[in-house]
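*Asks:* Here's a structure for you.
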Amino acid sequence: GMVLQEPSGAPSLSAAAGAVCDAAAEVQLSRLRWAVLLLFSSYSLCNSFQWIQYGSVNNIFMSFYDVSTFAIDWLSMSYMLIYIPLLFPVAWLLDKRGLRLIALVGSALNAMGAWVKLGSLKPHLFPVTVLGQVICSVAQVFILGMPSRIASVWFGSHEVSTACSLAVFGNQLGIAAGFLVPPVLIPNVEDVEKLAYHISIMFFMTAGVASALFILVIIVFKEKPPNPPSRAQASIQSRPTAENSFVQSILRLLRKANFLLLMVTYGLNAGCFYALSTLLNRMVIRHYPGEEVNAGRIGLTIVLSGMAGALISGIWLDKTKTYKQTTLVVYIMSLVGMIVYTFTLSLGHLWVVFVTAGLLGFFMTGYLPLGFEFAAELTYPESEGTSSGLLNVSAQIFGIVFTIGQGQIMDHFGTKEGNLLLCSVLFLGTIMTAFIKADLRRQQANLENGQT
């Protein structure tokens, strides 16, 4: 038979095959990834619970501390305000020092803020509760931009969108608990001593959970798995560190037209969600006096249906990779849900509000992980922490503007007019989303490396 002679200096076929096997061996999934994801989701849950725990019983805390509605609203808005200046230092830390340090600092600050709040159990100690909330707000900066980074560093290309959805899932579950638990634990009573006792139960429970989670982060949370979980991640880890200039990365992101469009549209949608969550108690109580517990349940319905939407969106993206089409459809349905909610809130039937709020939450909250994952695709190989951080800055800025704007419109005109502001904002966001080009760079990198 014929013998094939290899040209001198060319690598042998067996050597090439060995190289391919070595490359394949480098990409391996770690069993620890689910524990890391669960732990992150848990302390993210605790932090987001502390964000909304005042707003869901706005009128009770207003009476206890003898402050204005606007002052209680600022306890929620402090999360949005503090995020904006601290994003870049924290994103730089994430880029340079990695996930473990960010996780340790975020969970530690979350526990510290919860313990500080325990020193504010008298009506004249409102500044102490503000301090505790500010510390929790700083902790949020170390939490909010991590879902897509954890998903990329720990999970394979076939499960990365689902993992990102589950990471956001924890944050949303915390908001759900923040709507449900405070109205149950803190009844609307006149006796200040009784009220302080009920508030202390909530603060003690939160501080205990936050401290336990911090200890678990110290023990369990690792920087990254022993092997990269995907070819795209292997490619990033093999690059020299000199290429990963943080400032250059931000400048490159801000020069990408598609990412800028996504940044604005994500901010509009998430800003509407923040405003709606902060002001929900005021809206429901205005039309249904004395229904604090049901106001919390409506908030719970919005978030739980949104969590289902987020999970379904993540699984759908992993199966289809149709980022642009899915994002646009979910945005359109968020607009439809907001319009329906606006015109049914004042009908006088609470069950109708539950249904329409659930429809709105399914799409509006379900959009949040979609934005993170679409951004990671558009901006690969830039750091997911940086792209997520810029999306969140946009969300916080719009969240403050919409919360103040809608609150003022509600005070001077009514809840319907305030909600119409959010409808017009979502309409603008839908049109802008249609102009985003689906330049899926991460997906392309996985395909090209797979062929190689």
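*Asks:* What helices (runs of 4 or more DSSP H) completely inside segment 91-161 contain at least 3 residues that are at pLDDT 90 or above and in contact with a Phe, Trp or Tyr (Cβ under 8 Å, 6 or more places away or on another chain)?
*Replies:* Ranges flagged: 99-117, 126-141.
*Asks:* Name, by its number, the condition in (1) assigned to a loop (DSSP other than H, G, I, E, B); (2) under 20 Å from Leu300 (Cα atoms) that does not hold for Glu382.
*Replies:* The one condition Glu382 does not meet is (2).
*Asks:* If you don't mind, there's one more thing I want to ask. Please indicate, with yes or no, whether at least one residue in segment 311-332 is at pLDDT 85 or above and outside any helix (DSSP H, G or I).
*Replies:* no
*Asks:* Now for a separate question. Based on this model, can you work out whether Val303 counts as assigned to a helix (DSSP H, G or I), farther than 25 Å from Met80 by Cβ, in contact (Cβ under 8 Å) with a residue 12 or more places away in the chain and of a type in the set (Val, Ile, Thr)?
*Replies:* Numbers: assigned to a helix (DSSP H, G or I): yes; farther than 25 Å from Met80 by Cβ: no; in contact (Cβ under 8 Å) with a residue 12 or more places away in the chain: yes; of a type in the set (Val, Ile, Thr): yes.
Spelling it out, it is not the case that Val303 is assigned to a helix (DSSP H, G or I), farther than 25 Å from Met80 by Cβ, in contact (Cβ under 8 Å) with a residue 12 or more places away in the chain and of a type in the set (Val, Ile, Thr).
*Asks:* Looking at Lys96, is it basic (Lys, Arg), over 30 Å from Ile404 (Cβ atoms) and in contact with a helix residue (DSSP H, G or I) (Cβ under 8 Å, 6 or more places away or on another chain)?
*Replies:* So Lys96 passes the test.
*Asks:* Provide a single number: the residues in segment 308-341 that are open to solvent by 60 Å² or more (accessible area, probe 1.4 Å) and hydroxyl-bearing (Ser, Thr, Tyr).
*Replies:* Adding up the residues that qualify gives 0.
*Asks:* In segment 36-56, what count of residues is obtained for those that are more than 30 Å from Pro226 (Cβ to Cβ) and aromatic (Phe, Trp, Tyr)?
*Replies:* 3
*Asks:* Looking at segment 286-307, which of its residues are open to solvent by 40 Å² or more (accessible area, probe 1.4 Å) and among the aliphatic types (A, V, I, L, M)?
*Replies:* Passing the criteria: Val293, Leu304.
*Asks:* Another question about this same structure. Quick one: in segment 342-366, which of the residues that are assigned to a loop (DSSP other than H, G, I, E, B) and within 23 Å of the chain's Cα centre (by Cα) is surrounded by the most Cβ atoms within 10 Å (Cβ to Cβ)?
*Replies:* Top of the filtered list is Thr365.
*Asks:* From the list Asn449, Asn419, exactly one residue is part of a helix (DSSP H, G or I), at pLDDT below 80 and more than 14 Å from the chain's Cα centre (by Cα). Which is it?
*Replies:* Answer to the selection: Asn449.
*Asks:* Which one of Ser383, Ser424 is modelled with pLDDT of 90 or more and polar (S, T, N, Q)?
*Replies:* On the way: Ser383 fails: modelled with pLDDT of 90 or more.
None of the others qualify; the one that does is Ser424.
*Asks:* Within segment 99-122, how many residues turn out to be farther than 25 Å from Val393 by Cβ and either out of contact with any helix residue (DSSP H, G or I) (no Cβ under 6 Å at 6 or more places or on another chain) or not assigned by the TED database to the domain that holds Tyr43 (or both)?
*Replies:* Within segment 99-122, residues that are farther than 25 Å from Val393 by Cβ and either out of contact with any helix residue (DSSP H, G or I) (no Cβ under 6 Å at 6 or more places or on another chain) or not assigned by the TED database to the domain that holds Tyr43 (or both) number 1.
*Asks:* Related question: Identify, please: which residue in segment 68-87 is over 17 Å from the mean Cα position of the chain (by Cα) and in a helix (DSSP H, G or I) and is, among those, surrounded by the most Cβ atoms within 10 Å (Cβ to Cβ)?
*Replies:* If we take residues in segment 68-87 being over 17 Å from the mean Cα position of the chain (by Cα) and in a helix (DSSP H, G or I), then Leu75 is surrounded by the most Cβ atoms within 10 Å (Cβ to Cβ).
*Asks:* Just checking, which of Ala275, Ala270, Ala375 is assigned to a helix (DSSP H, G or I), farther than 19 Å from Asn419 by Cβ and either in the same structural domain as Leu45 (by the TED database) or under 16 Å from the mean Cα position of the chain (by Cα) (or both)?
*Replies:* Going through Ala275, Ala270, Ala375 in turn, just one is assigned to a helix (DSSP H, G or I), farther than 19 Å from Asn419 by Cβ and either in the same structural domain as Leu45 (by the TED database) or under 16 Å from the mean Cα position of the chain (by Cα) (or both): Ala375.
*Asks:* Okay, next question. Among the residues of segment 169-192, is there at least one that is open to solvent by 50 Å² or more (accessible area, probe 1.4 Å) and under 30 Å from Glu382 (Cβ atoms)?
*Replies:* Within segment 169-192 (the criterion being open to solvent by 50 Å² or more (accessible area, probe 1.4 Å) and under 30 Å from Glu382 (Cβ atoms)), the answer is yes, since at least one residue qualifies.
*Asks:* Then there is this: Just for segment 367-419: of the residues that are of a type in the set (A, V, I, L, M), over 30 Å from Arg149 (Cα atoms) and in contact (Cβ under 8 Å) with a residue 60 or more places away in the chain, which one is least open to solvent (accessible area, probe 1.4 Å)?
*Replies:* Selected residue: Met410.
*Asks:* Going by the structure shown, is Ile150 in contact (Cβ under 8 Å) with a residue 60 or more places away in the chain and surrounded by fewer than 15 Cβ atoms within 10 Å (Cβ to Cβ)?
*Replies:* Against the criterion (in contact (Cβ under 8 Å) with a residue 60 or more places away in the chain and surrounded by fewer than 15 Cβ atoms within 10 Å (Cβ to Cβ)), Ile150 does not qualify.
*Asks:* Go through (1) farther than 30 Å from Ser152 by Cβ; (2) crowded, with 22+ Cβ neighbours inside 10 Å one by one and return the number of the condition Gly119 breaks.
*Replies:* (2)
*Asks:* Suppose we filter segment 339-367 for residues that are closer than 21 Å to Leu173 by Cα, of a type outside the set (Gly, Ala, Ser) and in contact with a helix residue (DSSP H, G or I) (Cβ under 7 Å, 6 or more places away or on another chain); how many remain?
*Replies:* 10
*Asks:* Right, next: Inspect all residues belonging to segment 106-115 and state whether any of them is free of Cβ contacts under 8 Å to residues at least 60 places away in the same chain, touching a Lys or Arg at 6+ places or on another chain (Cβ under 9 Å) and buried (at least 22 other Cβ atoms within 10 Å of the Cβ).
*Replies:* No, because not a single residue in segment 106-115 is free of Cβ contacts under 8 Å to residues at least 60 places away in the same chain, touching a Lys or Arg at 6+ places or on another chain (Cβ under 9 Å) and buried (at least 22 other Cβ atoms within 10 Å of the Cβ).
The values are calculated or read from the model by the stated rules, or taken from the named source; none is laboratory data. The structure presented is a predicted model; accordingly, all values stated were derived computationally and were not measured. All Cβ positions, even for glycine, are placed from backbone atoms using ideal geometry, and neighbour counts span all protein chains on display. All accessible areas refer to the heavy atoms of the entire protein, side chains included, with ligands and DNA or RNA removed. Shrake-Rupley method; radii C 1.70, N 1.55, O 1.52, S 1.80 Å.
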